[in-house]
1. Would you compute, for the Cα atoms of the stretch 2-131, the largest minus smallest coordinate along each principal axis and list the three values in descending order, in whole Å?
2. May I ask you to list the lysines whose Cα is less than 20 Å away from that of Lys73, ignoring any residue fewer than eight positions away on the same chain?
3. Suppose only helical runs count, i.e. DSSP H with n ≥ 4. What mean residue ellipticity at 222 nm does that imply for the chain under -39500 (n - 2.57) per run, divided by all residues and rounded to the nearest 500 deg cm²/dmol?
4. In what order do Tyr103, Tyr85 fall by count of nearby beta-carbon atoms within 10 Å, going from fewest to most?
5. In a Gaussian network model over the chain where Cα atoms closer than 10 Å are linked, find which of Pro12, Pro84, Pro127 has the largest mean-square fluctuation.
6. Top mean-square fluctuation among Cys64, Cys94, Cys52, Gaussian network model of the chain, C-alpha springs under 10 Å?
7. Could you tell me how far the Cα centroid of the stretch 98-150 sits from the Cα centroid of the stretch 1-35, in Å?
8. Hey, any idea what the orientation-averaged projected area of the convex hull of the stretch 77-130's Cα atoms comes to, in nm²?
Amino acid sequence: MRIVRAEVSELPLVVQMKMNMFREAGSASLLQEHAEEMILQTYSALYQEDRCCHFLVYDERGKCTACAGAVIKDDIPFCFFKTPYYGYVIDVYCVPEDRRKGYATGAMEAVLRWLKEKGVHSIKLKPSGTGRHLYERMGFCDSGEMEKWI
């Protein structure tokens, strides 16, 4: 397994994996019509500001099999805290045939190191049912945050 920090030139691969994740979760219909282009533009801008990064995992054959990323956010109420930002984990995905081999764990460990280097103290994420066990194993706990879709 080889884990590399994605460059801007590799963002199309990241977006492709993100779209696979949405399709597998059955939530691609929630996305806007040109979501892929929007995601690519947004990520590119965040990369230029060094507020986002992804790690790609390659297997022994050289195939990209997993990814994970994070973005640094500074919205309310965190913008009022002494550390006015937090990390938000995004795009954790592993191709189905390569799951349970440690690829997502390796990518997540790299993401957590990057966030720590950026001075982040609080990290949030929205777990899928598939990923919840991974996050719990890595020390994440339910924050009690509630949500309602209307």
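Only the coordinates and a few stated rules stand behind these numbers; no lab work does. Quick caveat: nothing in here was measured; it's all calculated off a predicted structure. All Cβ positions, glycine included, derive from the backbone under ideal geometry; neighbour counts span all protein chains shown.
1. Computed over the stretch 2-131, the largest-to-smallest principal extents equal 44, 33, 31 Å.
2. Lys18, Lys82, Lys116, Lys118, Lys124, Lys126
3. Numbers: 4 runs with 50 residues, N = 150.
It lands at -10500 deg cm²/dmol.
4. Values: Tyr103 24, Tyr85 19.
With the sparsest Cβ surroundings first, the list reads Tyr85, Tyr103.
5. Looking only at Pro12, Pro84, Pro127, the biggest GNM fluctuation is shown by Pro84.
6. Cys64
7. Answer, in whole Å: 17.
8. Numbers: hull surface 17.3 nm².
Taking a quarter of the hull surface, the average projection is 4.3 nm².
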